[in-house]
1. Return the pair list, or none, for Cβ contacts closer than 6 Å from residues in the stretch 26-42 that are touching a residue at least 60 places away in the same chain (Cβ under 8 Å) to residues that are open to solvent by 10 Å² or more (accessible area, probe 1.4 Å) and part of a strand (DSSP E or B), at least 6 apart or on different chains.
2. Can you name every residue in the stretch 186-195 that is without any contact (Cβ under 8 Å) to a residue 12 or more places away in the chain and either open to solvent by 40 Å² or more (accessible area, probe 1.4 Å) or touching a strand residue (DSSP E or B) at 6+ places or on another chain (Cβ under 9 Å) (or both)?
3. So, in the stretch 356-381, how many residues would count as being assigned to a helix (DSSP H, G or I) and either of a type outside the set (A, V, I, L, M) or open to solvent by less than 10 Å² (accessible area, probe 1.4 Å) (or both)?
4. Pick from L291, L281: which is under 24 Å from L342 (Cα atoms) and either within 38 Å of the chain's Cα centre (by Cα) or in a loop (DSSP other than H, G, I, E, B) (or both)?
5. Among the listed residues C347, C395, identify the single one that is closer than 30 Å to G261 by Cα and not hydroxyl-bearing (S, T, Y).
6. Being free of Cβ contacts under 8 Å to residues at least 60 places away in the same chain, closer than 23 Å to V244 by Cα and either touching an Asp or Glu at 6+ places or on another chain (Cβ under 7 Å) or open to solvent by less than 10 Å² (accessible area, probe 1.4 Å) (or both) narrows it down to one of L340, L349, so name that one.
7. For the stretch 206-234, which residues satisfy the criterion of being part of a helix (DSSP H, G or I) and either hydrophobic (A, V, I, L, M, F, W, C) or modelled with pLDDT under 85 (or both)?
Amino acid sequence: MKIKRFVAPDMRQAMREVREEQGPEAVILSTRRLDEGIEVVAAIDYDESLVREAARHGAPFATVPVEAEAASKPRLAETAPAALLTRPPAAVAVPPPLSPANDMPAMRPLMEQAAQDTAQMRSELGSLREMLEMQLSSLAWNDMERRQPLRARVLREMTRLGIEADVARALVAELPDQISAEQARYLPLGMLSRSLTVSGRDLCGDDSGVIALVGPTGVGKTTTIAKLAARAVMRHGAEKVALVSTDHYRIGAAAQLEHYGRLLGARVYPAYDAASLRKVLEMLRGSHTVLIDTAGVAGSDPRLTQQLEILADASGLRACLVLAANAQSQALDEAVRAYLPLKPHACILTKLDEAPALGGALSVLIRHRLPLDYTTDGQRVPEDIATADARVLVCRAAQSLKSPAPDDGMMAERFGLAVASA
């Protein structure tokens, strides 16, 4: 029997190392939590009689198979409680009777020891639960690959594209019961393009009205406004286009918009609060296109509520949320949730040229059903902006993909528990 010790930051990583080095036939002998992470002692060529002999000499082990098959579930259930014995609590001597005045000081060490034992028990239970969840998710994913290989193939391709797990599951749930291998190959891209909503607005400047661009800082709102304003000026003339700045927090923000206004020949107006914004919009009622630049505010910033109240008080305003495609999926999702009270009419996706992958941005758009107006992929004004096209965007996401196919461990972690609970 060959025994080896593994130390990893968490149980999932430790189990992955055991599988890679010792194979699926390895047996877990003990687990415990250390300062540097989780310690797992595993063995191959398991000899139960040898383990029993070691247990008689004071070395109890808990054995849990690394890759449990369906037939071995009873064995796993029988050995799981033994994992709590990997570090048995030390024996505590019973103190002699004391007077009531001295009871509390004498009991304090016992109470501290009991608290330590309780914390250790909870830690070991958490490790055991995590290990069992890993085993269950792995079994569920392997079973799905066996029973529904084409659906599993679509999920794997969605993961490779960077689509979030909840969005991928929702899309695969819409697949027909019977699909061919050829459909499983091309369906992911088609399903993504059909799930994306585009508003259909073009860049000819024929859509008149008041448009406010909102979003986090650094997503390119001011540059996007310059691109839209340039298109409108070329179509309708500078006298029919006006720019409004409500960004008085960032240094140089108003000056940047004024510089674009001078280059385009369009007028630029400041608005400091809801009252001044109403006056400016009333004055610009005869303009064909009015573009409002807002301050970039994060969802946790208390100024966001004030900004949303200012924009909500303006009637006839079309709010457009600007998101950067090179941001992480979690950051994009938090930005959308922060601006949901404004009820944005559409979205603009910027910085496509800086995004290593587009799966996260596509997942957020699909999850929140945000219509897409335009996409931008550079700093040139007004060239680097285009009308949103779902098929073009999905093809670009597939072409820019450089990540390898995900392994079974990642797929089990993302979809195994969901499959088991379905």
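1. Pairs that qualify, where the first residue is touching a residue at least 60 places away in the same chain (Cβ under 8 Å) and the partner is open to solvent by 10 Å² or more (accessible area, probe 1.4 Å) and part of a strand (DSSP E or B), are R32/E39.
2. Residue satisfying the conditions is Y186 alone.
3. Matching residues across the stretch 356-381 total 9.
4. Criteria check complete, one pass: L291.
5. Answer to the check: C347.
6. Sole residue among the options that is free of Cβ contacts under 8 Å to residues at least 60 places away in the same chain, closer than 23 Å to V244 by Cα and either touching an Asp or Glu at 6+ places or on another chain (Cβ under 7 Å) or open to solvent by less than 10 Å² (accessible area, probe 1.4 Å) (or both): L349.
7. Within the stretch 206-234, I225, A226, L228, A229, A230, A232, V233, M234 qualify.
Each row is one residue, and each column tells you yes or no for (1) within 30 Å of G360 (Cβ to Cβ); (2) modelled with pLDDT of 80 or more; (3) out of contact with any Phe, Trp or Tyr (no Cβ under 6 Å at 6 or more places or on another chain); (4) surrounded by 17 or more Cβ atoms within 10 Å (Cβ to Cβ).
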site: R160; (1), (2), (3), (4): yes, yes, yes, yes
site: A165; (1), (2), (3), (4): yes, yes, yes, no
site: A170; (1), (2), (3), (4): yes, yes, yes, no
site: R201; (1), (2), (3), (4): yes, yes, yes, yes
site: C204; (1), (2), (3), (4): no, no, yes, no
site: H236; (1), (2), (3), (4): no, yes, yes, yes
site: S245; (1), (2), (3), (4): no, yes, yes, yes
site: H248; (1), (2), (3), (4): no, no, yes, no
site: I251; (1), (2), (3), (4): no, no, yes, no
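The values are calculated or read from the model by the stated rules, or taken from the named source; none is laboratory data. Note that the structure is predicted; figures quoted are calculated from it, not measured. Cβ atoms come from the backbone with ideal geometry, glycine included; neighbour counts cover every protein chain shown. Note: areas computed on protein heavy atoms with side chains; ligands, DNA, RNA excluded. Shrake-Rupley method; radii C 1.70, N 1.55, O 1.52, S 1.80 Å.
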